[in-house]
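Novice: Can you read through this structure? Questions will come right after.
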Amino acid sequence: MITSMPLKSQTLYMQNRELSWLRFNERVLEEAMDERVPLIERLKFVSIFTSNLDEFYMIRVGSLTDLSVMKEEHRDNKTGWTAQEQLDAIFAATEPFYEKRNAIFAQIEQALQNFQIYRVGMEDLNKQEKKFIEEYYEQHIFPILSPVVVDSHHPFPHLKNKQPYVMCSFEDKNHTLGIIPVSPSFPDFIPLPGESFRYILTSHVILGYAKQLLNIYKVSSAHLVSVTRNADIALDDENLEYEDDDDIRLLMKKTLKKRARLAPVRLEVEGLLPKRVGQLLCDKLQLSRKQVFNSAAPIVMNYPFDLIQRMPKHLKLKCMYPPFQAYNPLETQAYPTITEWCLKEDMMLYYPYDSMDPFLQLLKESAEDPQVVSIKITIYRLAQHSIITQYLSRAAENQKDVAVLIELQARFDEQNNIEWAERLEEAGCQVIYGVEGYKVHSKMCLITRKDRNRIQYITHISTGNYNEKTAKLYTDISIMTSHEEIGRDADTFFKNMAMSNLEGQYQHLLVAPNHFRQPLLACMDREIEKARRGEPCRILMKSNSLTDIEILQKLSEASEAGVPVQLIIRGICCLLPGVPDHTENVAVRSIVGRFLEHSRIFCFGADEDCSIYISSGDLMTRSTTRRVETACPVYDPRLKQRILHQLDIMLRDNDKARQMSSNGQYKRLSAPYETNLLDSQKQFIDEAMQAMNRQHPQHWRFWRKWSRLLQQ
């Protein structure tokens, strides 16, 4: 459990964002502890927890490390802590996570053995498996290995970010270390022959052969280690010099190369390194001992997702969530085409419970529709095999004006976006890169039609990326509307982006950084005025994170005025609820479940005529001041009712939801094995499957049968 350091500022109702994020990741790990969750899904949560922590150290710890060595002192505006104080709190809070993860991982692996699923070590191999691994090692591993021995003639090598290395110490003190890189070209694990599903991690095979590989030395110890490096690098880094006319894609390629060599911020070790070796590595990497973390579980935990692909089907049936068929509104055949549907009435899709197919079909139709004159879209993260880009390319080939605003600084997706930008240009699309100094995080697509000299718009606004893969994993809302004035705003938005104009005026859309936070604050002010008049009022907001200090202050003001403030914040929440005289009317909950809660919804008002916005941006400082974000009002009464229904179910979730206390800690709303538990995500699956049942009864029967088997 993370404990907060004493606050140094007068803002008693706020907490540090970094510790709040660590608490979120702790909730992810709690999903791995839940014995009602299928075993392989629990293993995936351990993997997600690990990759989350990796990225946190690469970005947040990396950024704080940079700030800590600057002459100018930087303090957190919520707590008053310096960068170094925040780092000390992070390192102290991280250590217990490794112990907790070790225990959970061991428990899951023990339980998987009941299903004949075994991760084994070299010492566990039977005779047949030993022979198999010997041959595999000789044929596929040994030829690629590139060991390095550090001595007076061979300097300590560069250790790549998050790559595992076998670190060997020698009895001969003239040779300091032996280092064997575990190449990323190797598979994460090797399935073993036999009837049961047994596998061994490739890194452990290399570890097992370390003494044989370095047989001219007397190896006294061998351990797997991994270095985490600062990856928080931006285009405006003072060491990146470029001219205004440089190709931004070339600049991003240079930036990615530089990221690979940034300073270390963490060292992970499987097991316990000899004291001498540990100190040597700390000296070489310029790390303190509190930045070294030991783990009994594998330090690289990407393999569970590949493991699923190799598992026999009968094991998947027993150890994973039952798949469900997303509801596809197209199959109701309300209109001959999705284009006609969108022109007649608004449509909302709630991923992953609804299929993304209606939007994909709209793009496909628009690419061929002679009345469509242009398609404009913002791209932040694309699927690796993107159907969307195929339809955009087809539209360009059909001589339509296709403009793609692609963000090259989408962290860890930069290379993928560079490649897609080049392909789209080759297909004839106009590719633009947004505004210098601001990430374009907006999720918008505008289709412009010309029908008998009349301009028609179909605008698609989403809380999530144009990514077919994540639409099956993240909960997001998207709306397709032919609302003429929203379409005009969208057209203005794309024109402004093409001219790098952040000062544009919009009638309906909220657009960060200059027309986003203030309208939201104005909506809160209206609720405050209602409360002072004794009228029904409410602020209900769902976001991934909440850090913007002006919004935090306004929510406290609303609470003091008597406005009920309900917040559904999955991740970071810097607002502490229930603090006397500040946030007594604030309730904060977080939902972590099967799907990543990703939708952003802002609701103001206590009646059915409330104002509702869906947004690409969170309630974070970076979203309100340093990014281009869009929020769109929901006008259709049917869609507003559906969104309110979703929010109501999430507010009644007493299974996967956790409630925040005034000290920043989270607690369950009920015991795991109580009756009458409501899991909001399961409820939405049920609703989607019931809708699907009206189209395909066989899918419903199959899903219910699988669900019952898992519960048994």
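Novice: Which residue, I406, A83, A296, has the largest displacement toward the positive end of the dipole of the chain when charges sit on each Cβ (Lys, Arg +1; Asp, Glu -1)?
Specialist: Selected residue: A296.
Novice: While we're on this one: Need the full-extension length gain, Q505 to D401, defined as separation in residues times 0.36 nm minus the C-alpha distance. One decimal, nm.
Specialist: On the way: separation 104, 0.36 × 104 = 37.44 nm, distance 2.40 nm.
Full extension from Q505 to D401 adds 35.0 nm.
Novice: Go through region 188-198 residue by residue and turn each phi into a ³J(HN,Hα) via Karplus (6.51, -1.76, 1.60, θ = phi - 60°); whole Hz please, and just put x for glycine and proline.
Specialist: 5, 8, 10, x, 9, x, x, 6, 7, 8, 10
Novice: So how far apart, in nm, are the two label points at R642 and K344 if each is 7 Å from Cα heading toward Cβ?
Specialist: 1.6 nm
Novice: What is the calculated FRET efficiency for E138 to E535, with r their C-beta to C-beta distance and R₀ = 60 Å, to the nearest 0.05?
Specialist: Details: r = 79 Å, r/R0 = 1.31.
With R0 = 60 Å, the Cβ-Cβ based efficiency is 0.15.
Novice: Still on this structure: When the label point is put 7 Å from the Cα of L317 along its Cα-to-beta-carbon vector, which residues of region 99-131 have a backbone N closer than 17 Å?
Specialist: Of the residues in region 99-131, 115-117 have backbone N under 17 Å from the label point off L317.
Novice: Got a sec to turn the phi values of region 572-588 into Karplus ³J(HN,Hα) couplings, 6.51 cos²θ - 1.76 cosθ + 1.60 with θ = phi - 60°, whole Hz, x for Gly and Pro?
Specialist: Rounded to whole hertz, the list is 5, 9, 7, 8, 8, x, x, 7, x, 6, 10, 9, 5, 9, 9, 10, 10.
Novice: With label points built 7 Å along Cα→Cβ from the Cα atoms of S670 and Q384, find their separation and express it in nm.
Specialist: Roughly 4.0 nm, to one decimal.
Novice: Further question: Which ³J(HN,Hα) values in Hz, rounded to whole numbers, follow from the phi angles of region 560-565 under the Karplus curve 6.51 cos²θ - 1.76 cosθ + 1.60, where θ = phi - 60° and Gly and Pro get x?
Specialist: For region 560-565, the Karplus curve yields 4, 7, x, 6, x, 10 Hz.
Novice: Can you tell me the FRET efficiency between Q116 and K160 if r is taken as the Cβ-Cβ distance and R0 is 30 Å, rounded to the nearest 0.05? The partial results should precede the final answer.
Specialist: Values: r = 36 Å, r/R0 = 1.20.
Efficiency computed from Cβ-Cβ geometry: 0.25.
Novice: Give me the net charge for the shell around M33: Cβ to Cβ below 11 angstrom, other residues only, Lys and Arg +1, Asp and Glu -1.
Specialist: On the way: positive: R27, R36, R42, K100, R101; negative: E26, E30, E31, D34, E35.
That sum, taken over residues with Cβ under 11 Å, equals 0.
Novice: Assuming 0.36 nm per residue, please report the length gained on full extension of the stretch D607 to A103 beyond their Cα-Cα distance.
Specialist: Here the segment from D607 to A103 would lengthen by 176.7 nm.
Novice: Something else now. Would you list which aspartates and glutamates come within 19 Å of K682, measuring only between C-alpha atoms, while excluding same-chain residues fewer than 8 positions from it?
Specialist: Filter leaves E30, E31, D34, E35, E41, D354, D476, E597, D648, D653, D655, E674.
Novice: Nearest 5 percent is fine: what portion of the DSSP beta bridges confined to region 329-507 is antiparallel?
Specialist: Numbers: 22 of 31 bridges.
Around 70 percent antiparallel, to the nearest 5.
Novice: With a sphere of radius 13 Å drawn around the Cβ of A395, what net charge do the other residues whose Cβ falls strictly inside it have (Lys, Arg +1; Asp, Glu -1)? Provide the component values of the computation, followed by the final result.
Specialist: Values: positive: K364, K376, R394, K400, R449; negative: E365, E368, D369, E397, D401.
With Lys, Arg at +1 and Asp, Glu at -1, the net is 0.
Novice: Assuming a ≥ b ≥ c are the square roots of the Cα gyration tensor eigenvalues, decide whether region 17-319 counts as rounded (a/c under 1.5), prolate (otherwise, with a/b larger than b/c) or oblate. Before the final figure, lay out the partial values.
Specialist: Values: a/c = 1.72, a/b = 1.26, b/c = 1.36.
Since a/c reaches 1.5 but b/c is at least a/b, the shape of region 17-319 is classed as oblate.
Novice: Could you tell me which of the pairs K344/K439; K376/K450; K127/K318; K439/K542 are separated by over 25 angstrom between their Cα atoms in the structure shown? The partial results should precede the final answer.
Specialist: Values: K344/K439 34 Å; K376/K450 15 Å; K127/K318 29 Å; K439/K542 22 Å.
Exceeds cut-off: K344/K439; K127/K318.
Novice: Next question, about the same structure. For R198, list long-range residues whose amide hydrogen, built 1.01 Å from N in the peptide plane, is under 5 Å from its own amide hydrogen.
Specialist: It is Y118, L192, by chain and number.
Novice: log₁₀ I(q)/I(0) of the chain at q = 0.09 Å⁻¹, via Debye over equal Cα point scatterers, no solvent, to two decimals?
Specialist: Each listed q corresponds, in turn, to -0.90.
Novice: Return the long-range amide H neighbours of M620 (sequence gap of 5 or more, or a different chain), with a cut-off of under 5 Å between placed amide H atoms.
Specialist: Result for M620 returns T547, D548.
Novice: Another one. Any of K290/K469; K530/K656; K100/K313; K316/K443; K100/K162 with alpha carbons more than 27 Å apart? Name them for me.
Specialist: On the way: K290/K469 38 Å; K530/K656 33 Å; K100/K313 31 Å; K316/K443 35 Å; K100/K162 21 Å.
Violating the 27 Å Cα-Cα cut-off are K290/K469; K530/K656; K100/K313; K316/K443.
Novice: Moving to a separate point now. Could you tell me what percent of the DSSP beta bridges with both partners in the chain are antiparallel, to the nearest 5?
Specialist: Details: 68 of 101 bridges.
Roughly 65 percent of the DSSP beta bridges within the chain come out antiparallel.
Novice: Below 8 Å between Cα atoms, with a sequence gap of 6+, how large is the relative contact order for the chain in percent?
Specialist: 12 percent
Novice: Let me ask something additional. When a/c is below 1.5 the answer is rounded, else prolate if a/b is larger than b/c, else oblate, so apply that to region 295-365 with a ≥ b ≥ c taken from the square roots of the Cα gyration tensor eigenvalues. Don't skip to the end; give the middle numbers.
Specialist: Details: a/c = 3.78, a/b = 2.67, b/c = 1.41.
Note, shape of region 295-365 comes out prolate.
Novice: For helix 83-112, report the angle its Cα long axis makes with the longest principal axis of the Cα atoms of the chain; keep it between 0 and 90° and round to the nearest 10°.
Specialist: Between helix and principal axis, roughly 80 degrees.
Novice: I would also like to ask the following. Restricting to region 17-319, compute how many DSSP beta bridges are antiparallel as a %, nearest 5.
Specialist: Values: 25 of 33 bridges.
Looking only at bridges with both residues in region 17-319, the antiparallel portion is about 75 percent.
Novice: Quick check: from the Cα gyration tensor, does region 517-678 come out rounded (a/c under 1.5), prolate or oblate?
Specialist: Numbers: a/c = 1.31, a/b = 1.21, b/c = 1.08.
Because its axes are fairly even, with a/c under 1.5, region 517-678 counts as rounded.
Novice: Near the amide H of C610, under 5 Å away, which other amide H atoms are found, from residues 5 or more places off or on another chain, if H is placed in the peptide plane?
Specialist: none
Novice: Show that you can apply the helix-only estimate: for the chain, add -39,500 (n - 2.57) for every DSSP H stretch of four or more residues, divide by all residues, and state [θ] at 222 nm to the nearest 500.
Specialist: Working: 22 runs with 269 residues, N = 712.
The helix-only estimate for the chain comes to -12000 deg cm²/dmol at 222 nm.
Novice: Now for a separate question. Which distance in nm do the two modelled labels at I216 and D151 give, with both placed 7 Å along the Cα-to-Cβ direction?
Specialist: A separation of 0.8 nm, rounded to one decimal place.
Novice: What net charge do the residues around C574 carry, taking every other residue with its C-beta under 11 Å from that of C574, with Lys and Arg at +1 and Asp and Glu at -1? Could the numbers behind the result be given before it?
Specialist: Details: positive: R17, K78; negative: E18, D76, D548.
Cβ neighbours under 11 Å give a net charge of -1.
Novice: Please give me, ordered by residue number, the GluC sites (Glu not before Pro) of region 59-92 that lie in loop per DSSP and have at most 10 other Cβ atoms within 10 Å. Before the final figure, lay out the partial values.
Specialist: On the way: sites: E72, E73, E85; in loops: E72, E73.
Passing sites in region 59-92 are E72, E73.
Novice: Turning to a different aspect of this structure: Going by how many other Cβ atoms sit within 10 Å of their own, how do L678, L567 line up, fewest first? Write down the numbers at each step before the final one.
Specialist: Numbers: L678 16, L567 21.
By the 10 Å Cβ count, ascending, the order reads L678, L567.
Novice: Here is a follow-up. Relative to the present Cα-Cα distance, how much length would full extension add between D306 and D525 at 0.36 nm per residue of separation?
Specialist: Values: separation 219, 0.36 × 219 = 78.84 nm, distance 5.00 nm.
Length difference between fully extended and current span is 73.8 nm.
Novice: Which aspartates and glutamates, if any, have their Cα less than 20 Å from the Cα of K71, not counting same-chain residues under 8 positions apart?
Specialist: The reachable aspartates and glutamates, counting only those whose Cα sits under 20 Å from K71, are E85, D88, D232, D236, D237, E238.
Each reported figure results from applying straightforward, stated rules to the coordinates on display, with no laboratory input. Since we're looking at a predicted model, the values are computed, not measured. Here Cβ is always computed from backbone atoms with ideal geometry, including for glycine, and neighbour counts include all displayed protein chains.
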